[in-house]
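Notes follow once the structure below has been shown.
The values are calculated or read from the model by the stated rules, or taken from the named source; none is laboratory data. Since the structure is predicted, the reported quantities are computational estimates derived from the model, not experimental observations. Here Cβ is always computed from backbone atoms with ideal geometry, including for glycine, and neighbour counts include all displayed protein chains.
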Amino acid sequence: MTADGNTLTMRTLALLVIGAAILSGLLLPQFLSVYYLQVADVTLINILLVLGLNFILGFGGQMSLAQCAFFGIGAYGFTLLQAAGMPVPVAAIGAIAISAAVGMALGWPTLRLKGHYLALCTLAFALIVERLLVNWEGLTNGANGITAIPGIGLAGENDKMLWVLLTIVACAYLLQVWIANGPLGLRIRALRDDALAAQAIGVDISRLKIMLFVISAAYGGLAGICYVLLRGYISPDVFSWQSTFSYLAMAVVGGLGSPLGAVLGAILYTFVPELLRFMQEYYFAVFGVMVILVITFFPAGLSGLVLSAFHSLRRREKSYARSDVTHHERAA
Amino acid sequence: MLQTFIQIVLVGLAVGAAYALVALGYTLIWNAVSLVNFAQGDLVMLGAFVSVGWLANRLGMPLWLNLGAMLVILGFFGAALAWGVYHPLRNAPQLSAIVATLGLSMALQNIAVIIWGPQPLNFAGPLGTTSVQLFGSTIYAQYLVILAALAVMMAIQHALFQHTALGRAMRATAQDAEAARLMGIPTARIIAFIFAYATMLAALAGWLVAPLSYVSSDMGVNLSLRAFAATILGGFGSIPGALVGGLIFGVIESAGSFYISSEYIDVIAFGVLIAVLMFRPQGIFGELELERP
Amino acid sequence: MNALLELSGVTKRFGGLTALEDVSLTVAQGTIHAVIGPNGSGKTTLFNIISGIYTPTGGEVRFESAIVTSKPLHQLAAMGLARTFQNTRLFGSMTVRQNVLAARHGRAHPWRFDQENARRVAEIIAFVGLADVADANAASLPQGQRRLLEIAKALALEPRLVLLDEPHGGLNHAETARLIEVIRQMHARGMTILLIEHEMEVVMTLADRITVLNFGKVLAEGAPAEIQRNDAVIEAYLGRADREAELHGQVGRASEGTGAPLLEVSDLVVRYGDIEAVRQVSLKVGVGEFVALLGNNGAGKSSTLKAIARLAQASGSVRFTGQELIREPTERLVGMGLALVPERRRLFGGLTVIENLKIGAYGRPHGELAGLIDEMLELFPNLKRLSASLAFSLSGGEQQMLAIARALMSRPRLLLLDEPSLGLAPLLVEQVFGKLVEINRQGTAILLVEQNARMALAVAHRGYVLSSGRIVADGSAAEVARDPRLMGAYLGHGEAAE
């Protein structure tokens, strides 16, 4: 892709995303009740979490189950830094920095682990973080949580928070697309497609894996900050270790490694079931089966389907939109 | 002092026995087809629900008798899993298989709620809260039943694996499926049997722990995690490792909870696990993956 | 002579196995240097050491006079050393252009690729001849183009030394010619090339200098013409049979030739993806016959056997005792009287010797087991004292004997063997072959795939020679042994590079 071609398509995509965000901001409050606006807000936060998961799992192909831990670290970090007297912007940056640092600390020793070993290690980490949040009462006030967090004073104002969240998510989305198309993005995809071949073209895969952990952790931390801004109170049960599987399910059904997939997956998992409350168990049972079917037969997920339909209409290649991450390895 | 210690160890062993049964399932499936079945704990949950929720509550079969029926049902379910989940993914990268079993776990939990409702089930079992005196300490009789069941199961398994043609075929398939086919072994069927057997082990664990506490749809996830940790502790791929790993993990939890801290026990236990992963990922009995020419 | 790459005394051990011993090699700047050798001679290990994937147990590697012995692959790539892989490793989720562009990541601004990079990528793609498919997905390319893309990726690093790992695998004539041309052009532009290759025609055409490895040691080095005539090299490839005459005398009488042959293969085609490994092969084995299937590495011998044993998908016809096998699943074959001793034995290492034998008789009635085991222990007496030992603890020769015994437990009418001499010392090879003669005299037909041509022809009734997936010679064992096409299949024909 020439640099020109890249910028042009990026520009179109940016317009589309910003347009969609503005439309949502204008239309949703007209049609949704206060309750459903909050659901929409939470959906946006989940989109952010899954976008983060995209880096390490979708792009990098590394099985990290620690996303909920970074969510919690970001939320509690932001809260505690405010309690220590820092103004909101500083506390926010600090919380993201802490998440990123923890991400590096986790990434570095796990470099040698693969597959199920890495999965278990990150899951164990998530469990440990949750237990610390619950039991380290001196720091976190334990299971009671922390209330009356000032934030930017919009806690509970679901419609105004909608705009804030739409802005943040739109930026995070575009950032991911931008990274995915530059040299870094190609390095990441090379790592996922074939780690040995990536090394053969000069990619330092150890450094890259750590970078992915850090970026994923930063996105997770940002999501934590958003949650605090939205709710004004936090408690450890929001960041339970089991919730990490939810984010994984969203990522898979949406399409691993696809920014659009993060949006679709989060909407399907968070928003739609609220509309179908009466049959939630059926819905999630089907969702679980969808995870199996998608990963087996159509790893590009829902976003892959949507984009294929779109491509056959427009017949133009969009490199950032391709999302078939788990291609099956066969002998040449 | 000593009484307490013995009690703690016995309880730890009993809980560890449940972990061991699940860990064995992980190991057998891994050895056979290089798949880590993250839904193994949910199979425990299914076993508990089927025996308590259906056979005991609906059909009125007492817990003791329904074991056989439940194992058969779950055995068939396991074989169905081999066909429906493993078979399509047999050539897929590891990531896909892990994700698929996680999807299976989610589906099973929700299906359990659909079938048996959201409330946890309580079942006292024939032994109820009977306690026995052993070495001067008091423990639930059910714990002894669990330990005895594990011992009996290991004896049966040893006889099966070492002294029958089927057992030989299973071991051969696990070591080299293609070579096994060259010998005329119907590997697809053997693999289905291995899945069925591993599922029955998990279901047995469910039947054994059901009387100890509530049977709920999310009880499996916790078990999966701990049994998985136990498997790695013992050495992934090693059958004695699964056994020993499970028992040791149970004792670590029991002893750590009492002697160090019951709130931070998970932090300790899983901290130990992370340390094992960092410094000795092959666990106690496992083998390091060496460079191959 | 400017030495671009220098290996001194490189040794590599994996546990008890010595893959390379005291290998010294110098690649002069601006040359095309080839490394050849029979299966298992250590070529791939050598490449992996040079490219930093393995660390040698001993010795030193120098690139442009700098010591690079323990440097990891990605650092070497940045230093100007590029390599390709035998099984092409492409980035399947990206287009051809992106694959090449990815390799330029080190030469880009942190956040974007500039015009210069885009231009160079287009140049490289045109150079290898992939301009038409530049925006196609890499995973969708046919084999020939995959190999070209693999090279393009390496070129994007602007390397001074390129390691090509069997770049011609699975290509047809046109594709091979194109690849040779690309390599020549690379050479013309000043790149130094180190090449592993089995296709002797290619090696002889391209190489300035050849190093021959055998059993992990350097056997010979020199210009292609010298290597082709070198007796030690010829022996390494074709084997030797000191006791040729003696073994010959032991071969049982050939079958009478009446009635239908036991095994009849017609127009067999085996494809892996779009690589054609076996191209329209036809062969026969009669009742009680001993037939050898010969050819160099990559010629398609193993694939032919695998197709017959139904371990590989194939089209064509494979008739055994009149029944068509081509669609049967592998596990049915033993019951029909066909048994395979696979390449590298593939014993059940965690089972004892007796248990391995029992598995061999899986389908037979239980009552027969004891008798069969006794028979096998009679035939292979040195297995007797090892009965309770685990199979993985046996020596190479013992393992081979066990593998054959295991296959015989099912009382096959036809025994297939895939390179039984692999990894065995010559004395053991003779023992194994002697046993095969004994088995054949007792009535079991044998189809033997072997790289050690001379030894195989010393014991067989008839032979076929495979080259690039086709039969190029066949006849009685004596005829084939004298046929110049036999040597040609292993070491190439005619002119070597100037």
Residue in region A:140-175 that is farthest from A:VAL88 (Cα to Cα), counting only those that are of a type outside the set (A, V, I, L, M, F, W, C) and within 14 Å of another protein chain (Cβ to nearest Cβ): A:GLY142
Residues (surrounded by 18 or more Cβ atoms within 10 Å (Cβ to Cβ) and more than 8 Å from every other protein chain (Cβ to nearest Cβ)) located in region A:295-305: A:ALA300, A:GLY301, A:LEU302, A:SER303, A:GLY304
Only one of C:PRO142, C:PRO159, C:PRO110 that is out of contact with any His (no Cβ under 8 Å at 6 or more places or on another chain), surrounded by fewer than 24 Cβ atoms within 10 Å (Cβ to Cβ), in the same structural domain as C:PHE63 (by TED's automatic domain parsing) and under 23 Å from C:ARG271 (Cα atoms): C:PRO142
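So that you can scan it fast, the table gives a plain yes or no per residue for (1) crowded, with 24+ Cβ neighbours inside 10 Å; (2) modelled with pLDDT under 90; (3) at negative phi:
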{"site": "A:ALA69", "(1), (2), (3)": "yes, no, yes"}
{"site": "A:ILE98", "(1), (2), (3)": "no, no, yes"}
{"site": "A:GLY145", "(1), (2), (3)": "no, yes, no"}
{"site": "A:ILE152", "(1), (2), (3)": "no, yes, yes"}
Unique match (being more than 14 Å from chain A (Cβ to nearest Cβ), surrounded by 23 or more Cβ atoms within 10 Å (Cβ to Cβ) and under 22 Å from B:TYR197 (Cα atoms)) among B:ALA48, B:ALA39, B:ALA69, B:ALA23: B:ALA48
Enumeration of residues in region C:368-413 that are exposed (fewer than 15 other Cβ atoms within 10 Å of the Cβ), closer than 29 Å to C:VAL287 by Cα and of a type in the set (Gly, Ala, Ser): C:ALA370, C:GLY371
Residues within region C:297-331 that are of a type in the set (Lys, Arg), touching a strand residue (DSSP E or B) at 6+ places or on another chain (Cβ under 9 Å) and without any contact (Cβ under 8 Å) to a residue 24 or more places away in the chain, tallied: 1
Set C:LEU386, C:LEU424, C:LEU372, C:LEU394: member being assigned by TED's automatic domain parsing to the domain that holds C:ARG454, out of contact with any Cys (no Cβ under 7 Å at 6 or more places or on another chain) and in contact (Cβ under 8 Å) with a residue 40 or more places away in the chain: C:LEU394
Residues of region C:345-386 that turn out to be in a loop (DSSP other than H, G, I, E, B), at pLDDT below 90 and more than 10 Å from every other protein chain (Cβ to nearest Cβ), as a count: 1
Restricting region B:74-86 to residues that are surrounded by fewer than 19 Cβ atoms within 10 Å (Cβ to Cβ) and free of Cβ contacts under 8 Å to residues at least 40 places away in the same chain, the residue that is nearest to the other protein chains (Cβ to nearest Cβ): B:GLY84
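Per-residue answers, yes or no, for (1) surrounded by fewer than 16 Cβ atoms within 10 Å (Cβ to Cβ); (2) at pLDDT 95 or above; (3) under 19 Å from C:ALA425 (Cβ atoms); (4) not charged (D, E, K, R):
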position	(1), (2), (3), (4)
C:LEU194	no, yes, no, yes
C:ALA207	no, no, no, yes
C:PHE215	no, no, yes, yes
C:ALA220	no, no, no, yes
C:PRO224	no, no, no, yes
C:GLU235	yes, no, yes, no
C:GLY239	no, no, yes, yes
C:ASP242	yes, no, yes, no
C:GLU264	no, no, no, no
Conditions (1) within 12 Å of the chain's Cα centre (by Cα); (2) away from every other protein chain (no Cβ under 13 Å); (3) polar (S, T, N, Q): number failed by B:SER213: (1)
Matching residues in region C:41-65 - criterion: being in contact with a Pro (Cβ under 6 Å, 6 or more places away or on another chain) and not in a loop (DSSP other than H, G, I, E, B): C:THR45, C:ILE49
Subset of region C:66-120 (residues that are facing chain A (nearest Cβ under 7 Å), polar (S, T, N, Q) and in a loop (DSSP other than H, G, I, E, B)): C:ASN87, C:THR88, C:SER93
Selection from region A:211-250 of residues that are under 15 Å from A:ALA126 (Cβ atoms) and either in contact with a strand residue (DSSP E or B) (Cβ under 6 Å, 6 or more places away or on another chain) or not small (Gly, Ala, Ser) (or both): A:PHE213, A:PRO236, A:ASP237, A:VAL238, A:PHE239, A:TRP241, A:GLN242, A:THR244, A:PHE245, A:TYR247, A:LEU248
